[in-house]
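Student: The structure that follows is given in the form of structure tokens.
The values are calculated or read from the model by the stated rules, or taken from the named source; none is laboratory data. Quick caveat, the model's predicted, so the values are computed rather than measured. As a convention, Cβ positions derive from the backbone with ideal geometry for all residues, glycine included, and neighbour counts pool all protein chains shown.
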Amino acid sequence: MSYVLLAPEILLTVLALAVILIGLLVSDKSKNILGYISAAGLAASLLLTIGNRGGDTFFYNALVIDPLSQIFKIIFIAVSLLAVIASIHYFKDNRNQDEYYGLILLATVGMMVVASANDLLSLFVGFELASMSTYVLAGFEKKNPSSLEAALKYFIIGSLSSALMLFGMSLVYGVSGSTNIPEILAYFKTAQVSGIDILAMVFLVAGFGFKMALVPFHMWAPDTYEGSPTVVSSLLAAGSKKMGFVAAFRVLVLALVAVRADIQVVFAILAVITMTYGNVVAISQKSIKRMLAYSSIAQAGYISLAFVVMTQMSIAGGVLLALGHAFMKGGAFLAVAVVGYMVLSDNKNAKNTDDISNFAGLGKRAPITALSLFVFFLALAGIPPSAGFIGKFVLFYSVTSEAVSTASTWLLVIVVIAILNSALSIYYYARVIRYMYVLPPAGERIHEPLPYVVAILLAVIGTIGIGLYPEPVIKMAMDAASVLGVI
Amino acid sequence: MADLYMYLIISAVIFTIGSYGIITQRSGIKILMCIELMLNSANLNLVAFSSFNDNASGQVFALFSIAIAAAEAAIGFAILVALFRVRDTINLDNINILRW
């Protein structure tokens, strides 16, 4: 056991505390440097995470470092890094910057603990660390009623989901007599399925479903993403949502192997409802942040197809789509933040800065942002060469091949529904693209702030890079899926 | 064995009261109290199972979750106070800027 493997978490925790401490000591003016320090720390821990392949457990089996945890940690750190770089401009000259960066770093550590959790206790603690930090971040503009409303709704639904999850965990512990996930797995492999197992599974699916924003547990997501500061929405949609998925991969796939057949049906229904509802409601949205929120609900529906068939390839597809979604959605929210900055620099008292009418002629007003948003939208719709295409391709292919090999018609029907949904989503992305490139601009060309441009271009590189050269990422995802030990 | 069932029934009742309250109550403070009820019913479960299974990890889990619930309540009240300063109300029926 070597603590070098935990270096990224240790680095970020120390950095978070240091940032808060430095914030106490320096004047409000010099706090702008904290953003650069946090970005450097995140970049360093990203390199440390990419560099190590893992294969060890820590603290009496409470944490495990394996390929699955590593790929999700890369997602979480990358998303936080993008959000922090953009925040250097978004929260410039804000006197609470120290708390802001401290909370983002702590939220990242929480998500990383969830990714590594090998025990229900560490899973719960990681979940709560990430959730509580993001509750505060959602309400960070404390004079802005919609930010506070977003935080309150997120808090109530988030704590409700934690309570459901904790109740489910207490039942799992009661049945199996252990909180350690491999031990629970060993227990369920031999035991008979009883009613209380099903009950525990329902609570866990509901608890994770809230975090993943699956319909019918989604109602907080559009409100929270719309009301929060836009960089925080990017962190929530691209990062903290994936936390639910990695937890579900670990617990539902691994530990409740005994009641597998029931999970398949539950997730098939949830996935179909989620993707259809998300896409249909996104069509009628005027607010782009809200549209992105519904499209991210739809993407959660696609990713949860991985739980329906639970083959190694489908889980790899889910992981790939989660990775791609992190770049595409994170980048898209940051581009919306640039539009917000543009509208506010025209008119200080503007309301609803993310209204679709503000995107008119964006191709002329902010060409880099508009082009990147164009790329993100095509990637979200699943057009090659992009990360979104690779993820959807592997995922849909795995479900289809499972359907063919088991000759089950209902799986094929689900794939057809998913593909039709992808086609439907092109409609509302194309609508925004028409606004950006066809309609006349409402003002002069603006100077896009450098931190935003850097963050958005990094997201574009991630999106296109995975699309053009997917082999190493697909291999990582397959390794990650093989950890779960399914067929 | 009979004792375990008693604890489980009590915790299920408390959990139900909590979730009923979250659905029906409109005051922010009452909703926070209901969330606490739900978390604590799970703690009761954990401790009861720990005693029944004769293994201490359930009690450790309950201690962690009590500490987490305290932090959660602090954050909830902080959000409510901030909201009250801006809006002069914490009645959830009036908190409806964001909707489609």
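Student: In the stretch A:137-156, which residues are surrounded by fewer than 24 Cβ atoms within 10 Å (Cβ to Cβ), in a helix (DSSP H, G or I) and not small (G, A, S)?
Tutor: Across the stretch A:137-156, the qualifying residues are A:P145, A:K153, A:I156.
Student: Shifting gears a bit: Here is a list: B:D88, B:D93. Which entry is surrounded by fewer than 19 Cβ atoms within 10 Å (Cβ to Cβ), on the phi > 0 side of the Ramachandran plot and modelled with pLDDT under 95?
Tutor: Working: B:D93 fails: on the phi > 0 side of the Ramachandran plot.
Unique residue meeting the criteria: B:D88.
Student: I'd like the full set of residues that are in contact with a Gly (Cβ under 9 Å, 6 or more places away or on another chain) and either among the polar types (S, T, N, Q) or farther than 21 Å from B:S65 by Cα (or both), limited to the stretch A:162-182.
Tutor: Within the stretch A:162-182, A:S162, A:S170, A:T179 qualify.
Student: Take A:A370 and decide whether it is under 15 Å from A:T463 (Cβ atoms), in contact (Cβ under 8 Å) with a residue 24 or more places away in the chain and in a helix (DSSP H, G or I). Walk me through how you get there before you give the answer.
Tutor: Values: under 15 Å from A:T463 (Cβ atoms): no; in contact (Cβ under 8 Å) with a residue 24 or more places away in the chain: yes; in a helix (DSSP H, G or I): yes.
No; evaluated as a whole, the condition is false for this residue.
Student: Output the residues belonging to the stretch A:27-51 that are surrounded by 18 or more Cβ atoms within 10 Å (Cβ to Cβ), in contact (Cβ under 8 Å) with a residue 40 or more places away in the chain and of a type outside the set (S, T, Y).
Tutor: Within the stretch A:27-51, the first condition is being surrounded by 18 or more Cβ atoms within 10 Å (Cβ to Cβ), and the residues that meet it are A:31, A:34-35, A:38-39, A:41-42, A:45-46, A:48-49.
When the remaining residues are screened for being in contact (Cβ under 8 Å) with a residue 40 or more places away in the chain, the result is A:31, A:34-35, A:38-39, A:41-42, A:48-49.
Of everything in the stretch A:27-51, those that are surrounded by 18 or more Cβ atoms within 10 Å (Cβ to Cβ), in contact (Cβ under 8 Å) with a residue 40 or more places away in the chain and of a type outside the set (S, T, Y) turn out to be A:K31, A:L34, A:G35, A:A39, A:G41, A:L42, A:L48.
Student: Right, next: Only one residue in B:A62, B:A82 is surrounded by 14 or more Cβ atoms within 10 Å (Cβ to Cβ), of a type in the set (A, V, I, L, M, F, W, C), within 7 Å of chain A (Cβ to nearest Cβ) and assigned to a helix (DSSP H, G or I). Which one?
Tutor: On the way: B:A62 fails: within 7 Å of chain A (Cβ to nearest Cβ).
After applying the criteria, what remains is B:A82.
Student: Kindly establish whether B:V47 is in contact with a helix residue (DSSP H, G or I) (Cβ under 7 Å, 6 or more places away or on another chain) and more than 8 Å from chain A (Cβ to nearest Cβ). Write out each step before concluding.
Tutor: Working: in contact with a helix residue (DSSP H, G or I) (Cβ under 7 Å, 6 or more places away or on another chain): yes; more than 8 Å from chain A (Cβ to nearest Cβ): yes.
Yes.
Student: Give me the pairs, please: first residue somewhere in the stretch A:310-328 and at positive phi, second residue anywhere and hydrophobic (A, V, I, L, M, F, W, C) and surrounded by fewer than 24 Cβ atoms within 10 Å (Cβ to Cβ), beta-carbon distance under 7 Å, and either six or more positions apart or on two chains.
Tutor: Here the result reads A:M310/A:V253; A:M310/A:V486, each pair linking the stretch A:310-328 to a residue that is hydrophobic (A, V, I, L, M, F, W, C) and surrounded by fewer than 24 Cβ atoms within 10 Å (Cβ to Cβ).
Student: Here's another thing I want to ask about it. Would you list the helices (runs of 4 or more DSSP H) that sit entirely within the stretch A:157-240 and hold 3 or more residues that are in contact (Cβ under 8 Å) with a residue 24 or more places away in the chain, touching a Lys or Arg at 6+ places or on another chain (Cβ under 8 Å) and within 14 Å of another protein chain (Cβ to nearest Cβ)? Let's see the steps before the verdict.
Tutor: Numbers: elements: A:181-190, A:195-212, A:220-227, A:230-235.
Ranges flagged: A:220-227.
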